[in-house]
1. Just checking, how many residues over the range B:109-137 are crowded, with 18+ Cβ neighbours inside 10 Å, touching a residue at least 40 places away in the same chain (Cβ under 8 Å) and either within 14 Å of chain A (Cβ to nearest Cβ) or in contact with an Asp or Glu (Cβ under 9 Å, 6 or more places away or on another chain) (or both)?
2. Just to check your reading of the model, which residue among A:113, A:185, A:169 is of a type in the set (Asp, Glu), surrounded by fewer than 16 Cβ atoms within 10 Å (Cβ to Cβ), assigned to a helix (DSSP H, G or I) and at pLDDT 85 or above?
3. Go through the range B:210-226 and give me each residue that's at pLDDT below 90 and either assigned to a loop (DSSP other than H, G, I, E, B) or in contact with a Leu (Cβ under 6 Å, 6 or more places away or on another chain) (or both).
4. Testing residue B:292 on (1) exposed (fewer than 13 other Cβ atoms within 10 Å of the Cβ); (2) closer than 30 Å to residue B:16 by Cβ, one condition comes back false. Which one is that?
5. Among the residues of the range B:30-49, which ones are buried (at least 22 other Cβ atoms within 10 Å of the Cβ) and closer than 17 Å to residue B:10 by Cα?
6. Is one or more of the residues making up the range A:191-199 buried (at least 17 other Cβ atoms within 10 Å of the Cβ), of a type in the set (Val, Ile, Thr), touching a Leu at 6+ places or on another chain (Cβ under 6 Å) and under 28 Å from residue A:268 (Cα atoms)?
7. Mind checking which residues of the range B:89-100 are facing another protein chain (nearest Cβ under 7 Å) and surrounded by fewer than 21 Cβ atoms within 10 Å (Cβ to Cβ)?
8. Which is within 12 Å of chain A (Cβ to nearest Cβ) and crowded, with 19+ Cβ neighbours inside 10 Å, of B:82, B:103?
Amino acid sequence: METLRLFARNKLGLVGLVLVGLLVLSAVIGPGLRPVGDTADLAHASEGPTAEHPLGTNFQGLDNLALLFSGGKDIMLIALITGILETLIAVSIGATAAYFGGRADALLVAFIELWLTIPRFPLLAILATLLKLKEPWMLSIIIAVMGWPSLARQVRTVVLSLKKRDYIEAANMLDLGPGHIIFREMLPNMLSFIAIALVSTIVFAIYYQTSLVFLGLIPFSSANWGVMLSLAENKGAIYTASAAWGVITPIGAIVMLQIGLVWIMRALEEVFNPRLRQGV
Amino acid sequence: MTTPLISLQNVTRTFEVGRQSIRAVDDVSLDIAPGEVVCLVGESGCGKTTTGKMVAGLLAVSQGRILYRGQDIKSLKGDAYRRFRLGVQLIHQDPYASLNSTRTVGQILRAPLERHGFARGPAARARAIELLELVNLTPAADLIEKYPHQLSGGQRQRVSIARALTVNPSFIIADEAVASVDMSIRIALLNTLSALKDKMGLGVLFITHDLALAKYFAWEGRIGVMYLGRMVELAPARALVEHPRHPYTRALLSAIPEPELEGVQRRERIRLRSDEIPSLLRMPGGCAFHPRCPAFEGERCSAQSPALVEVGGGVSVACHPVIEQLRQQAQAEARS
């Protein structure tokens with residue numbers, strides 16, 4: 001309750017929440033309200049905004065707004081699952097290495113570094129092609145498994161520095177146990193970091209999957225912001241002013257999603273860190 | 001004679017710095033009885049904090065051993081380890097770093113109480129309030145809901161002391177525990193510590209760079225003076241202040257500022273041969289103090305490191321000229 005109340009007092013966080021909320025809502029009820037047409041309408045292809053098509057039409061004369069509504073679901077779902085999964089893997093491995101130190105640390109660090117040397121995007125592209133991904137969550141797992149090491153290394157550094165803090169030393173002297181020390185003493189001090197890491201993994205998950213879709217490597221439903229972007233670019237949308245709406249629409253949606261997430265996380269940071277709260 | 005509560009036996013701690021190794025603490029021996037107060041005094045880098053951390057079990061010794069109630073702390077296991085772990089608590093210097101900013105005072109105090117079964121639920125809260133009152137933090141019932149950033153430095157340090165007391169320790173290491181608070185609060189905090197020590201029968205290792213504070217706090221106890229990792233003089237506080245033996249102790253005492261009163265003769269400030277503290281990476285041979293020592297006597301001082309020798313009255317000193325002089329005095333007395 002306290003957390004919610006504090007969050008509600010943060011204006012930027014609320015704006016972010018509204019932005020992300022609108023996008024989620026549009027992905028849930030939008031396709032029902034404004035379905036994408038079945039047939040191309042070449043008479044109205046690549047138009048700018050009109051009353052009938054508020055965000056213009058694409059090269060096939062399909063409504064950009066309708067495409068925006070149906071193109072978000074997969075992207076957001078995959079990004080969310082990837083972000084959570086990747087953060088979870090990275091935090092558990094990074095924190096284990098740093099907290100227990102010694103041989104466990106050496107082993108895990110060696111593994112992390114080995115993993116980091118693998119050129120990830122090409123491998124991701126190859127895997128995505130080979131595995132014939134049918135379900136969005138399968139892509140999540142692949143992106144998460146490819147992406148966790150750099151975050152794990154950051155988590156390890158954070159835990160290593162936390163381990164040296166006087167209050168952790170005090171907790172050790174009071175024999176409060178690893179469970180208490182990790183979850184009660186360290187985790188709250190890492191939450192803002194983890195929150196930001198979560199956003200950044202979500203952001204990268206969006207980049208990765210739109211890139212894969214853009215390259216045509218994962219054939220999800222054609223309604224996807226990445227597909228929109230890819231097709232619009234292919235059909236030369238960036239060269240004519242009215243057709244540019246086919247590019248602006250998905251980019252706008254992606255930017256809205258990212259910035260909304262970042263603002264939410266910044267608000268969370270203030271909620272979690274009592275010292276930042278003073279000014280509120 | 002009873003077993004000392006804490007016993008340091010030829011404790012040495014080295015740190016690796018690049019390819020070199022420095023001796024932060026070099027061959028220090030010290031026994032502390034239950035309820036006794038010992039002050040460690042010295043300039044920064046003399047090894048006093050390292051000594052404190054080793055006694056607290058936060059840092060391993062490189063050579064020698066530390067005994068808690070007669071047992072090597074390195075070999076403790078199970079219940080015996082737990083008794084040591086809870087029995088010896090260290091209070092950190094910086095109260096802004098030693099309290100977790102995400103936890104309230106109540107949470108900070110209740111965690112150890114509940115973890116070790118001293119009190120639970122409402123009883124834990126009551127005990128937390130009791131502890132806050134014990135360290136003179138009032139109104140305790142209000143403070144218990146506060147976060148550390150809502151407290152002043154002095155209040156934080158008191159919370160830190162209360163936290164150390166949750167587990168009923170028998171020995172407290174106060175590492176410059178009052179150095180970071182305001183001058184006006186310092187004495188009040190010292191008095192609180194002093195009262196607690198008497199009330200709870202705590203042994204205290206009080207670490208400070210300020211000999212005046214050591215004098216104030218340990219008047220009934222002993223003071224050990226450290227210089228570049230070695231104990232140069234260890235004596236009952238009164239003896240050390242009134243009859244300092246080691247030239248370094250004399251220099252330190254003469255550097256305590258005194259109020260200038262009319263008709264009172266000012267103490268002469270002892271001039272050192274050099275004001276520069278040698279780097280631990282380039283330790284002078286022989287007695288580490290010889291490049292600065294006003295009593296420097298040539299080759300013996302620069303070639304041979306003096307051992308800490310008991311010279312009577314509980315006073316031990318590590319200095320060739322001083323020991324030589326005392327020996328001659330004793331011989332002269334024996335002859336006459």
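The values are calculated or read from the model by the stated rules, or taken from the named source; none is laboratory data. Predicted, not measured: the structure shown is a model, and the values here were computed from it. With ideal geometry, Cβ positions are generated from the backbone for all residues, glycine too; neighbour counts draw on all protein chains shown.
1. Going through the range B:109-137 one residue at a time, the tally reaches 3.
2. Details: A:185 fails: surrounded by fewer than 16 Cβ atoms within 10 Å (Cβ to Cβ); A:169 fails: surrounded by fewer than 16 Cβ atoms within 10 Å (Cβ to Cβ).
Checking each option against the conditions leaves just A:113.
3. B:210, B:211, B:217, B:218, B:219, B:220
4. Looking at each condition in turn, residue B:292 falls short on (1).
5. We begin by selecting, within the range B:30-49, every residue buried (at least 22 other Cβ atoms within 10 Å of the Cβ); these are B:30, B:37-42, B:46-49.
Within the range B:30-49, B:30, B:40, B:46, B:47, B:48, B:49 qualify.
6. Within the range A:191-199 (the criterion being buried (at least 17 other Cβ atoms within 10 Å of the Cβ), of a type in the set (Val, Ile, Thr), touching a Leu at 6+ places or on another chain (Cβ under 6 Å) and under 28 Å from residue A:268 (Cα atoms)), the answer is yes, since at least one residue qualifies.
7. B:94, B:97
8. Details: B:82 fails: crowded, with 19+ Cβ neighbours inside 10 Å.
So the residue among B:82, B:103 that is within 12 Å of chain A (Cβ to nearest Cβ) and crowded, with 19+ Cβ neighbours inside 10 Å is B:103.
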